[in-house]
Structures are given as structure tokens and as C-alpha cells.
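Shown next, in C-alpha cells, is the structure this report addresses.
Derivation of every value follows stated rules applied to the coordinates shown; laboratory data play no part. Being a predicted model, the structure only gives us computed values, none of them experimental. As a convention, Cβ positions derive from the backbone with ideal geometry for all residues, glycine included, and neighbour counts pool all protein chains shown.
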Amino acid sequence: MRERARASGGCTRVVMALENFSYPEDVRVRAEALELVAHGYAVTVLAPRAQGQQRSEVVDGVRVKRYRLATPEGFAGIALEYALAWVQLSVRLAVELARGAEVIHLHNPPDTLFAAAWLARLCGRLVVFDHHDLAPELYEQKFGPGWPATVLRWCERRTMRAADVVLAANESHRLVAIERGGVDPERVVVVRNGPRESTIVDQPVVRDGEIDDPRLCFVGALGAQDGVRALPSVLARLNAMGLQPNLTIVGDGPEVPLIRRLADELGVLDQIVFTGRVAHHDVPALIAGADVCVDVAPCSPLNHRSTMIKIGEYLAAGRPVVTFELQETRFTAGDCALYARDGDIEGYCELIARICSDGSLRARLARAGVERARELTWEHSGQRLLHAYGLLTGAPRHERAASVEPEVRLEQGR
């Protein structure tokens, strides 16, 4: 690693660049920023401005500077959104570097800020690339294969190679950085998403006996890649099985109008509560009110290698989970969830019905989920984040090794 010049008499100044979500709503960015601030770093986050947000403010010690960003639909709209974000973030990063930022921390998608990374390195500064999502696979899942995916893979590689350290959200992303990005394995650190210890319930409480009116909960973004248009079909199928379910959808996204239309066509619209985006501290209580928590993300190259933040949140609340058989979800939840075959909505609903009919199964899954959540807490991941920043500052190897626990997997499945 290159040595950096510390600002005299001050703490390390970090500027984070975020395009695809607002702050502090982005769970991963918020957790990392707060962790760094708690350990003496001065953190500025550049993020798009959501409705009602101020242009600049300090949130829990993190300086947030926001920019306007239109969000039109379709491929052309997404390309325009990324282009506008690229211009604004590139200019703002250059300004922050001129003001003395010592580390630029790039969050994807998109993976197009490698020019800013090159500028930082020319200035003798340091670069972290935080690999949230697989941008090429995300494009292909939305629009199918084509030349843009090839361009995105090229950009992904450029950005990874320009970084001093790459933060991978899981082992699958780590392999992408090494094999597709050509990054030295020693420069890739896994920083998993995970619930905070304070959100994990001490003893999960579940309803006894058979349940014929299950309360279901879904938390997260409502995009096409998340498979959420299947939710009305799940409710309709459960109705046909003699249950009377209600579903709370916590989150927002472009699929909401379609979900509403499908739910209306299937006669289940009155069984769904749409909360929209809510404050992050309100999410645990909404999850805790459910009997079963669901994820309907389909099995795809993108989803197989993605760590779903909602799964850890479900486990922390002691809620039984039903999902499809996704590789990284299987690692996160292990035997604490029930898994359906990809696209098998009938089988998916049968698993929900099984949980509703068996109080002992509900209790077992709830208890196991809490125990698993304790192994996945953000506090463990926070230590790995600090380890990665220790690599940047050139800490002696033995000190770095002692500062972080090794990544432990329940099963390889690779």
C-alpha cells in the first residue's frame, strides 16, 4: 500500500460517493460511515437528494452533501441518471480532494468513477471501492444481454484496479474482484451486511398453535430484480389454500404501481399495507409484528451472489423466513429459513402454510434465527471495515491480522 500524508493535527478525512440511494437510507453506507466516525475519522457523504431532504446537514456526526438527481424509467433513463450522477460526483470529488480529503470511498453501482480514483491517486490520496452490487448482472437481469453489459464489466475492472482496497459484500463478490477484476486477493476485504447487536431480540415471541390469518412482511427495495411482482400471487394462492393473510410491504421502488395493479386484479389489494420508505429505526418493530417474513427474489446470477440485507433483519427480529434457494441467502440464513425451488410459487406458499400450521416449527426457526443473527452482527463487519482502512494506512501486518476475526462460512456452496 502507498503511504499517505496525514493532515497535520487532524483526523483522516474520508469522502464517500453514493449514487443509487439517498443517505442515511442506504443501510450499508450508513453503517460504514458511522463506524468510521466512531473511530475518529471525519466522514463526508455525497449522495442524491431525496424529497424533503436538506442540501447539506450533519447526521450523527457524518457530514452529508446532497445533489439533485432525476430518476426516469427505462434504459435511456437509467443511462441519463448515471451520466448526471457521474458528472456531479466527479466534480464534487475533485473539490473534496482540493479541500484535503485523504481517502475517497466509492460506492457502486455504477462502476464509472475510476477517473476520480485515478485523480485521487495522482494527488497521492487513497481509494476504497465498495462493491455493493454486480452492475453487469444487474443490467442483464433488467434488460437482457448486450453491449452495455460488456461496457459495465470493463468499467467494473477499471474501478477495481484503480482502488487501493476493494470491499466485498460477501465471498461471491470477493471472487468477482479477484477473478474478474484482477485484484490482488490481499487487497480485497469482505465486509458483510449485518444487523446491529442492539436490534437483535433477546427472546423471540411467536403466536401459539395454528394460525389461519398470518401476518406477512416484506422489507426492501421494490425493483424488477427483486421479484416483488410475485407478492400478489402469493397472497392469492394462500387465500385459495384457506388462509387469510395480510402483507406489510416496507419500502419503495418502481414496481409499486405494478404490484398495486396485480393485487387489484387478483382481489388482494385490501390485504396489503404499503408503508413506503420508513426511518431505519422503525423497521425492526414492523418486522416484529409479522408471523412470517418473506423474500421473493428469483434465482439469477445477480441474486445468487447478493447478500440480502432484509434476511439478517428478519433473523434479528426472531421471525421465520421463507425464500427461494439463493446461494448467499442460504449462507446467511442456513437452517433458519425454509427454501422453495426457483419460481415455484405453489411450493413457496406451502412452506408458509407449513409454518402457520406448526407452532413448534415457528418457535424453532425463530430461536435459530436469533442465534444466527448474533454471528452476523454489524459489529463483526465493522471490525473488518477498520481492518481494511488499516491496510490503507500501512499498519504493520501483525497488527492488521490481530484486528479482525477471519471470515467464517457455514458452508462453501461454491
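Across all Cα pairs in the chain, the calculated P(r) in 10 Å bins from zero up to the longest distance comes to 5, 22, 32, 25, 12, 4, 0 percent per bin. Evaluated at q = 0.26, 0.29 Å⁻¹, the base-10 log of the normalised Debye intensity for the range 83-147, with identical point scatterers placed on the Cα atoms, takes the values -1.11, -1.26.
Shown in residue order for the range 267-281 are the 3J(HN,Hα) couplings computed by the Karplus curve 6.51 cos²θ - 1.76 cosθ + 1.60 at θ = phi - 60°: x, 10, 4, 6, 9, 10, 10, 9, 7, x, 6, 10, 4, 4, 6 Hz (x for Gly and Pro). As an exercise, find the ratio Rg/Rh for the range 237-356 from alpha-carbon atoms, using the Kirkwood inverse-distance average for Rh. Here Rg/Rh amounts to 0.94. Note on residue 84/residue 325: beta-carbon distance plugged into 1/(1 + (r/R0)^6) with R0 of 45 Å gives a FRET efficiency of 0.75. In this structure, residue 345 and residue 95 have a Cβ-Cβ separation that, at R0 = 60 Å, corresponds to a calculated FRET efficiency of about 0.75.
When the alpha-carbon atoms of the range 35-181 are used, the pair Rg, Dmax equals 15.7, 45 angstrom.
Among the trypsin sites (Lys or Arg not before Pro) in the range 91-153, those placed in a DSSP loop whose Cβ has at most 11 other Cβ atoms within 10 Å are 99.
As a calculated quantity, the FRET efficiency between residue 143 and residue 279 at R0 = 25 Å, using C-beta atoms, amounts to about 0.15.
Sort 171-182, 18-29 by packing, meaning the average of other beta carbons within 10 Å per residue, with the highest value first. Kindly include the intermediate steps, with their values, before the conclusion.
Details: 171-182: 18.8, 18-29: 21.3.
Averaged packing, sorted descending, gives the order 18-29, 171-182.
Note on the chain: antiparallel DSSP beta bridges, both residues inside, total approximately 10 percent of the bridges counted.
Taking every alpha-carbon pair under 8 Å whose residues sit at least 6 apart, the range 185-247 reaches a relative contact order of 40 percent. In percent, rounded to a whole number, the relative contact order of the chain is 15, using alpha-carbon pairs under 8 Å and six or more apart.
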